[in-house]
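Worksheet: the structure to be examined is printed underneath.
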Amino acid sequence: MRISLKKYAQALAESLYGEEDSDKIEERIQNLLKLLVKRKQGKLVKQFSQAFFREWMKKSGKVFCKVTVPYEINEKETDDLRKLLSDALNRKASIKVMVDPNIIGGMKIEFEDYIIDGTVITGLKTLKSQIVNA
C-alpha cells in the first residue's frame, strides 16, 4: 500500500511539532527521506517541501497567503492586510505580496486550495463574457 505525500507530510509535521532539538529534527527528516527511497517513492521528494509547508502551517494554526496587487504597497498596508486576513481566516496569516501591474486594480489572494480574485482585469473578463452570452 502506497502512502500519499500528504500523509508523509502530516506525519513529519506531527513528529516535529514542539521539538526543539535540531539533531532530532534533522534525524527525523533524514529517516523520512530514507524511507521514501526505500519504498521507491523518491520522486515525491521534489514535491514534499510544499506539502510539508502546508501541513506545518495547519499544525501551527497559521495560513500562508500569496497576495497579488497592481502596485507596491507599504509596510502599514501590508500589516493591515495581514490583520484582516488573520481575522477573516481565524488563523495567523503570513503573507507574501507580489506586484503585477497587468491586473490594473483590485487584488488576488491565494491560500491553501483557494483563490479569491477581485482584480479589475478578471471583472472585465467576466463582464465581457456576460455581454457575449446575453
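Here are the numbers for this structure:
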| item | result |
| --- | --- |
| Subset of region 94-120 (residues that are within 13 Å of the chain's Cα centre (by Cα) and small (Gly, Ala, Ser)) | Ser94 |
| From Arg82, Arg54, residue being of a type in the set (Lys, Arg), under 25 Å from Tyr17 (Cα atoms), in contact (Cβ under 8 Å) with a residue 24 or more places away in the chain and surrounded by 16 or more Cβ atoms within 10 Å (Cβ to Cβ) | Arg54 |
| Selected residue (criterion: surrounded by the most Cβ atoms within 10 Å (Cβ to Cβ)) from residues of region 91-119 that are free of Cβ contacts under 8 Å to residues at least 24 places away in the same chain and in contact with a Gly (Cβ under 9 Å, 6 or more places away or on another chain) | Asp117 |
| Ile73 vs. criteria outside the structural domain of Ala9 (by TED's automatic domain parsing) and surrounded by 14 or more Cβ atoms within 10 Å (Cβ to Cβ) | yes |
| Those residues of region 29-77 which are hydroxyl-bearing (Ser, Thr, Tyr) and touching a strand residue (DSSP E or B) at 6+ places or on another chain (Cβ under 6 Å), in sequence order | Thr68 |
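The values are calculated or read from the model by the stated rules, or taken from the named source; none is laboratory data. Keep in mind the model is a prediction, meaning the values are calculated, not measured. All Cβ positions, glycine included, derive from the backbone under ideal geometry; neighbour counts span all protein chains shown.
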